[in-house]
Amino acid sequence: MEVELDEPRCVAAGQCVLAAPEVFDQRDEDGVAVVLDDRPAPSLVDSVKEAAALCPAAAIRLVER
């Protein structure tokens, strides 16, 4: 699985960071999410899927490769 983030769409809610802190973080200056690991380990898949589901802006896309 590959994680894609549409940064312009992000509303800086931080739900992704709470759900999957190993994969997402937020920029200090504006709170916009950043992807720390765009190909997370299989053990993180459930938390990444939760992060995508919780995103109020639907800015996270998961691509099966």
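No lab work stands behind these numbers, since they all come straight from the coordinates. Just so we're clear, the structure is a prediction, and the values are computed from it rather than from any experiment. Here Cβ is always computed from backbone atoms with ideal geometry, including for glycine, and neighbour counts include all displayed protein chains.
Residue pairs whose Cβ atoms lie under 8 Å apart, sitting 6 or more positions apart in sequence or on different chains, and linking a residue in segment 49-63 that is touching a residue at least 24 places away in the same chain (Cβ under 8 Å) to a partner that is basic (Lys, Arg), are Ala52/Arg61; Ala57/Arg9; Ala58/Arg9; Ala59/Arg9; Leu62/Lys49.
Restricting to segment 43-65, give me the number of residues that are surrounded by 15 or more Cβ atoms within 10 Å (Cβ to Cβ) and assigned to a helix (DSSP H, G or I). Count: 8. Here the condition is being touching a residue at least 12 places away in the same chain (Cβ under 8 Å), over 18 Å from Arg65 (Cβ atoms), surrounded by 13 or more Cβ atoms within 10 Å (Cβ to Cβ) and in contact with an Asp or Glu (Cβ under 6 Å, 6 or more places away or on another chain); of Ala13, Ala19, Ala33, it holds for Ala19 alone.
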